[in-house]
Amino acid sequence: MALNAVVFPILPGKTAEWHAFIGELNGARRSEFVESRRRAGAVERTYLQSTPMGDLVIVTIEGEDPQRSFGQIVSARDAFTTWFLERVKAIHGVDLSAPMPDGSPSKLVVDTSKVAVLAR
């Protein structure tokens, strides 16, 4: 299994709203959330990181091809994904439905399990 990680800031004053969003993903919308990631062939894990610069969310996508899975997740047009992307934009200020320049929001630069990764 491969892994990709992305980090999103929580906009100032939006941490309580983010907690409510996560509550929905772990509660009433859990089955939709899990099913959307299953369809994309991915397991998603989300972490909250408080920093002096504000709260950040670290999201990992794990699967056979995390970059493809991420693309599938953000390009789906079902009601759950539309709701999910709207919440992400409102809380993080990031429009995940907009095309990414390299197809992935992050780039692997160090992996101790492999030969050194070239950072470009």
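The values are calculated or read from the model by the stated rules, or taken from the named source; none is laboratory data. Note that the structure is predicted; figures quoted are calculated from it, not measured. FYI the Cβ positions are ideal-geometry reconstructions off the backbone, even for glycines, and counts take in every protein chain you see.
So, of the residues in the range 69-120 that are at pLDDT below 90 and among the charged types (D, E, K, R), which turns out to be nearest to V7 (Cα to Cα)? Filtering the range 69-120 for residues that are at pLDDT below 90 and among the charged types (D, E, K, R), the one nearest to V7 (Cα to Cα) comes out as K107. Looking across the range 66-87, the residues that are under 19 Å from E35 (Cβ atoms) and not hydrophobic (A, V, I, L, M, F, W, C) come down to P66, R68, S69, G71, Q72, S75, R77, D78, T81, T82, E86, R87. Here S69 does not fit the description of being of a type outside the set (D, E) and more than 12 Å from the chain's Cα centre (by Cα). Taking A28, is it among the small types (G, A, S) and in contact (Cβ under 8 Å) with a residue 24 or more places away in the chain? Criteria not met by A28.
Going by the conditions given, is E32 under 24 Å from M1 (Cα atoms) and among the charged types (D, E, K, R)? So E32 passes the test. Counting the residues of the range 1-23 that are surrounded by 11 or more Cβ atoms within 10 Å (Cβ to Cβ) and either touching a residue at least 12 places away in the same chain (Cβ under 8 Å) or within 20 Å of G71 (Cα to Cα) (or both) gives 16.
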